[in-house]
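Below is one structure, written out as structure tokens; the observations come after it.
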Amino acid sequence: MSSAKETMGEQPIFTCKAHVFHIDPKTKRSWMPASSTAVSVSFFYDSSRSLYRIISVEGQKAVINSTVTPNMTFTKTSQKFGQWSDVRANTVYGLGFSSEAELQKFIDKFNEVKEATRSAISKVTANGGTPVTPVTSANASPINARAANVSTENAENLLEPPGSVTLSTSNMKQDSDDIVHARSHSLSAIQSNESPSHQIKMDKGSYGGSSSSNPVDMQLKYENDRLKLALAQSSANAKKWEIELATLKSNNARLTSALQESTANVDEWKRQLASLKEENMRMKAKYQSDLENSKGGGDLGDELRKEIQSLRLRVEQLEMDLENKNDEVKRLTSGNRLPEVQALQKENVELQSTIKLAQSELEIALSAHDSQKQILLTLNQQFAARIHELANIHDEMTTALQT
């Protein structure tokens with residue numbers, strides 16, 4: 001089926017990504033992948049004929065070429081999978097999406113296009129015309145023509161999505177009890193909008209015009225096949241449960257070994273706690289000794305302050321003596337007593353040198369005081385850090401004892 005010529009004059013109105021599947025034409029009960037990966041699936045609209053088609057192409061191969069009719073029904077069979085039957089193409093298409101939201105978008109668009117097709121056919125019929133429904137050469141077979149003219153009842157038999165079996169024991173029992181009453185009517189004919197997933201494969205005589213097969217016998221055969229599939233799935237589930245049981249046993253063994261290892265580590269934790277207690281005692285003794293040394297440093301600071309105070313008083317006294325000598329020099333100079341002035345100047349120089357010496361001693365004492373102050377600050381910081389460490393060790397010991 002080539003879509004190059006058929007899509008001329010058509011415009012895409014919606015596109016999505018999905019994995020494409022076809023029904024197995026032999027068994028009518030399993031899916032065959034039509035695309036190797038997720039491909040673009042598009043709705044095309046032909047305005048000249050008021051027709052909608054679903055087309056998907058992978059490489060040079062058209063994997064979907066389905067004309068939408070009002071009788072088509074798209075059925076959601078799982079969270080991410082849906083299907084619809086195309087009688088003209090004599091197949092059932094299945095689409096697997098990456099998410100439920102993408103599937104819901106496709107379902108909404110499918111229903112919208114189906115309603116638009118029904119409206120267009122109603123308008124043409126009301127105007128006295130004949131609806132245009134193209135039939136390709138691949139679709140125009142005697143089987144398809146016969147299937148298109150049979151009953152239009154809505155079938156409820158749907159094929160399971162690829163790789164999933166959701167049949168439960170209760171469903172199997174209910175299906176066995178309701179073989180004749182609940183399902184024989186839906187299997188009496190091939191529906192125009194029915195998925196061929198659960199259609200019973202007719203023999204050659206039925207396609208030739210005779211239908212002598214008993215629908216009840218065919219239904220029993222179909223239910224037998226379903227029970228076989230359920231039994232195979234139960235065997236697969238039993239193997240999976242055995243693997244899970246082995247995994248649980250392995251996890252239990254690992255947890256037991258971990259518990260034994262934790263019990264063995266209790267003695268080691270006790271020894272570590274004893275060593276921490278001893279270290280705490282040593283830190284306390286060291287802190288006490290450092291505290292005593294810091295008290296001694298405080299007495300030394302008092303002595304330094306006293307010495308600085310005495311040096312300041314001496315400097316002030318020398319400055320006063322210097323002023324007195326200067327006054328005396330002025331008086332002597334004014335009285336022409338040169339030798340005495342010279343002697344006083346000499347004595348003044350000596351006093352100035354003495355003052356400089358005293359000032360230098362004062363500066364040395366101040367620097368010593370500053371250095372001693374810095375030492376005391378450093379000791380204070382060390383004491384604070386040690387106290388913080390002792391507090392942390394105390395908290396850790398308390399936590400260890402509580403646990």
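The values are calculated or read from the model by the stated rules, or taken from the named source; none is laboratory data. Treat the numbers as computed from the prediction; the structure is a model and nothing was measured. Methodologically, a virtual Cβ is constructed for each residue, glycine included, from the backbone with ideal geometry; neighbour enumeration extends over all protein chains shown.
I'm trying to understand the selection: among the residues of the stretch 91-102, which are farther than 16 Å from S42 by Cβ and touching a residue at least 60 places away in the same chain (Cβ under 8 Å)?
Listed by number, the residues that qualify are T91, V92, G94, G96, S98.
Working only within the stretch 379-397, note down all residues that are of a type in the set (D, E, K, R) and closer than 13 Å to Q288 by Cα.
R386
Looking at this structure, is Q359 under 25 Å from Q288 (Cα atoms) and surrounded by fewer than 15 Cβ atoms within 10 Å (Cβ to Cβ)?
no
Consider N392 carefully, then state whether it is surrounded by fewer than 13 Cβ atoms within 10 Å (Cβ to Cβ), outside any helix (DSSP H, G or I), in the same structural domain as L304 (by TED's automatic domain parsing) and modelled with pLDDT under 90.
In short, no.
Among all residue pairs at least 6 apart or on different chains, which show Cβ distances below 9 Å where the first residue, located in the stretch 269-284, is farther than 14 Å from L390 by Cα and the second is exposed (fewer than 11 other Cβ atoms within 10 Å of the Cβ) and of a type in the set (A, V, I, L, M)?
That search, which allows pairs on different chains as well, returns L273/L401.
Tell me which of these A89 doesn't satisfy, since it passes every other one: (1) outside any strand (DSSP E or B); (2) more than 20 Å from S30 (Cβ to Cβ).
Tallying (1) outside any strand (DSSP E or B); (2) more than 20 Å from S30 (Cβ to Cβ), A89 fails exactly one: (2).
Mind checking whether some residue in the stretch 380-388 is among the β-branched types (V, I, T) and surrounded by 15 or more Cβ atoms within 10 Å (Cβ to Cβ)?
Within the stretch 380-388 (the criterion being among the β-branched types (V, I, T) and surrounded by 15 or more Cβ atoms within 10 Å (Cβ to Cβ)), the answer is no, since none of the residues qualifies.
Can you run down the residue pairs with Cβ atoms below 7 Å, 6 or more apart or on separate chains, where the first is in the stretch 108-121 and closer than 16 Å to S66 by Cβ and the partner is part of a helix (DSSP H, G or I) and among the basic types (K, R)?
none
Spot the failing condition for N71; the list is (1) in a loop (DSSP other than H, G, I, E, B); (2) of a type outside the set (A, V, I, L, M, F, W, C); (3) under 20 Å from S47 (Cα atoms), and only one is missed.
Of everything listed in (1) in a loop (DSSP other than H, G, I, E, B); (2) of a type outside the set (A, V, I, L, M, F, W, C); (3) under 20 Å from S47 (Cα atoms), N71 misses just condition (3).
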